[in-house]
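First comes the structure, then the notes that go with it.
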Amino acid sequence: MSQFINAVTVVVNDYDEAIAFYVNQLGFELIEDTRLSDEKRWVLVAPKGAKEMRLLLAKAASAEQSKSVGHQTGGRVFLFLQTDSFWHDYQRMKEKGVVFCETPREESYGTVVVFQDLCGNKWDLLQPK
């Protein structure tokens with residue numbers, strides 16, 4: 001038997017703003033954008049070439065859900081974007097206006113920098129050693 005996590009939900013304020021950020025600033029691919037109702041869409045994005053894992057961009061549909069936008073992990077790093085070309089990706093993202101919380105650093109496990117998505121969730125951009 002084989003299992004894997006297919007998608008992780010990221011609660012956002014607006015579908016189109018989120019798509020623009022992930023596609024234009026992070027360089028992800030728009031995998032699917034299907035309208036389910038007047039208010040709800042099924043929006044999947046993923047890093048180019050990713051085979052299994054996707055992000056489901058879900059628009060906050062209540063006041064309670066809106067409170068979690070940008071705070072899905074209580075201020076901790078939420079997701080880890082692994083790369084095999086750290087400095088290329090870092091520079092490209094910086095040029096596209098991605099907000100970085102620190103300067104890149106070398107750790108025992110690799111090169112890493114924390115950045116924020118459009119809602120304020122923290123991510124690591126990471127190239128393992």
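Hey, could you check region 53-68 for residues that are open to solvent by 70 Å² or more (accessible area, probe 1.4 Å) and charged (D, E, K, R) and say which is nearest to Val11 (Cα to Cα)? Residue satisfying both the conditions and the ranking: Lys59. Scanning region 33-52 for residues that are closer than 23 Å to Gln82 by Cβ and open to solvent by less than 70 Å² (accessible area, probe 1.4 Å) returns Val43, Leu44, Val45, Ala46, Pro47, Gly49, Ala50.
For residues that are over 17 Å from Ala46 (Cα atoms), surrounded by fewer than 15 Cβ atoms within 10 Å (Cβ to Cβ) and either modelled with pLDDT of 95 or more or of a type in the set (Ser, Thr, Tyr) (or both), tally how many sit in region 69-84. Qualifying residue count for the region: 2.
Cβ separations smaller than 9 Å between residues 6+ apart or across chains give the following pairs from region 87-112 residues that are touching a residue at least 12 places away in the same chain (Cβ under 8 Å) and open to solvent by less than 70 Å² (accessible area, probe 1.4 Å) to residues that are assigned to a helix (DSSP H, G or I) and of a type in the set (S, T, N, Q): Met93/Gln25; Gly97/Gln25; Val98/Gln25. Val10 satisfies every condition listed in (1) under 10 Å from the mean Cα position of the chain (by Cα); (2) exposed (fewer than 14 other Cβ atoms within 10 Å of the Cβ); (3) among the β-branched types (Val, Ile, Thr) except (2).
Residues in region 70-129 that are assigned to a loop (DSSP other than H, G, I, E, B), touching a Phe, Trp or Tyr at 6+ places or on another chain (Cβ under 7 Å) and not acidic (Asp, Glu): Gln72, Val98, Cys101, Pro104, Leu118, Asn121, Lys129.
The values are calculated or read from the model by the stated rules, or taken from the named source; none is laboratory data. Computed from a prediction, not measured in an experiment: that's the story for all the values here. Note: ideal-geometry Cβ built from the backbone for every residue, glycine included; neighbour counts use all protein chains shown. For accessibility, only protein heavy atoms count, side chains too; no ligands or nucleic acids. Shrake-Rupley method; radii C 1.70, N 1.55, O 1.52, S 1.80 Å.
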